Amino acid sequence: MVKYYQITDCKLVETQDENAKIPVYINPDEQQKKFLLNILNIDEHTLNSALDPDELSRLEFEPDHLSLIFKRPKTYSHEDNLLFKVNSMGIFLFKDRLIVVLSEDVPIFDGKHFLKVLSLEDIVLKLIYRIIIHFLEHLKIINMISNDLELKIGAAMENKYLLNLFTLEKGLVYYLNAIMANSAVIERIRLNAAKIGLSQENQELLDDIIIENNQCYKQAEIYSNILASLMDARASIVSNNLNILIKTLNVITIGIMVPTFVVSAFSMNVGIPLSKHPFAFWIIITLAFVSVITFMLIFRFKKW
């Protein structure tokens, strides 16, 4: 699948013109891959890296174009079960065109940053900026889910919510690695700004990108450290809740067992005192009730 974009009146708009300067290839088929490899001379390994979620971010200078592999958040779905993953994307900057390769169909040119674009280099930087914002949006969602799970753990008797927190922490590790890898690429872009052909305005935007990416990494690191440091405490809460439940069940069991024992003793088929007494029934019930009261007082005195 291919989508085509072009710059019109300093705005990035989608078009049906196959000669547009900004084609976006979404999970390209074999024929489209052959076009990218044979006609545009994109390296095969680099093209495959753009579709590999485990590939590291990197920047490469080819004879006629710039190749950029960048990490971005994977679109979250219910099937992921709170596991936030990352995907790779390929950005190939030529003198007269910009090619983007993705493994899934996601809106990459949305947001206010693309309301004013001046060049292909400008689009590349704003695309990187948009990815960083996407990471920040996911981090806010992760924090909200984490807070909700913490409230549920306070009354939980099972490990379900605790396992969900472990899954969130695993996703944060993926995000930390991806953001760190992206940071190295952004720094290399800064060092090669003149070679890439970035204008003064582009370099100022790049400085903002570096600041935002550092803040994004710090925020992900804080969330990850909080989840990791408090995980043992949350596990203890679940264990303590289970102990309280067992204690309550024991109290109920013993509370039922004591009066049952009293009543059973007087119901044996042998000669028992008070068997002929006219108030024998009420005496037995009173003894059972007194036994329960005695049992509760002993528990309170022992602070069990």
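FYI, it's all coordinate maths here, none of it is from the lab. Being a predicted model, the structure only gives us computed values, none of them experimental. FYI the Cβ positions are ideal-geometry reconstructions off the backbone, even for glycines, and counts take in every protein chain you see.
In degrees, nearest 10, range 0 to 90: what is the angle between the Cα axis of helix 160-191 and the longest Cα principal axis of the chain?
Between helix and principal axis, roughly 20 degrees.
Checking the table LYS33/LYS160; LYS74/LYS112; LYS11/LYS140; LYS140/LYS195 against a 32 Å threshold on Cα-Cα, which pairs fail? Intermediate values should be presented prior to the final figure.
Working: LYS33/LYS160 44 Å; LYS74/LYS112 21 Å; LYS11/LYS140 29 Å; LYS140/LYS195 36 Å.
As for pairs spanning more than 32 Å Cα to Cα, those are LYS33/LYS160; LYS140/LYS195.
Given the -39500 (n - 2.57) contribution per DSSP H run of 4+ residues, what per-residue ellipticity at 222 nm results for the chain, rounded to the nearest 500 deg cm²/dmol?
Values: 7 runs with 171 residues, N = 304.
Dividing the helical sum by the residues of the chain leaves -20000 deg cm²/dmol.
Between LYS218 and ILE26, 0.36 nm times their residue separation minus their Cα-Cα distance comes to what?
Numbers: separation 192, 0.36 × 192 = 69.12 nm, distance 3.14 nm.
Length difference between fully extended and current span is 66.0 nm.
Would you mind giving the three semi-axes, in whole Å and largest first, of the ellipsoid equivalent to segment 1-130 according to its Cα gyration tensor?
Values: eigenvalues 95, 74, 41 Å².
Ellipsoid half-lengths, sorted descending, are 22, 19, 14 Å.
Report the charge-dipole magnitude of the chain in Debye, nearest 20, computed about the Cα centre from +1 at each Lys and Arg Cβ and -1 at each Asp and Glu Cβ. Don't jump to the answer; show the numbers that get you there.
Details: 30 positive and 35 negative charges, 434 e Å.
Value, rounded to 20: 2080 debye.
Determine the distance separating the Cα centre of segment 81-109 from the Cα centre of segment 1-71; give it in Å without decimals.
Spelled out, the Cα-based centre of one part sits 8 Å from the other.
For segment 2-241, taking Cα atoms only, what is the radius of gyration to one decimal and the Dmax to the nearest whole Å?
Cα only, segment 2-241: 20.1, 66 Å (Rg, Dmax).
Report the Cα centroid-to-centroid distance between segment 156-198 and segment 125-151 in angstrom, as an integer.
11
At 0.36 nm per residue, minus the direct Cα-Cα distance, what do GLU44 and PHE61 gain on full extension? Give it in nm, one decimal, please. Kindly include the intermediate steps, with their values, before the conclusion.
Working: separation 17, 0.36 × 17 = 6.12 nm, distance 1.45 nm.
Additional length available on full extension: 4.7 nm.
Which of SER57, SER77, SER119 ends up with the largest GNM mean-square fluctuation for the chain, with Cα atoms connected below 10 Å?
SER77
Using only the alpha-carbon atoms, how far is helix 120-153 inclined from the longest principal axis of the chain? Give it as 0 to 90 degrees, nearest 10.
Here the helix axis deviates by roughly 0 degrees.
With springs only between Cα atoms under 10 Å apart, run a GNM on the chain and tell me which of LYS21, LYS116, LYS247 wobbles the most.
Result for the chain, Cα springs under 10 Å: LYS247 fluctuates most.
Calculate how steeply helix 200-265 sits against the longest principal axis of the alpha-carbon atoms of the chain, using the helix alpha-carbon long axis, and give the answer as 0 to 90 degrees to the nearest 10.
Taking the Cα atoms of the chain, the angle to 200-265 is about 10 degrees.
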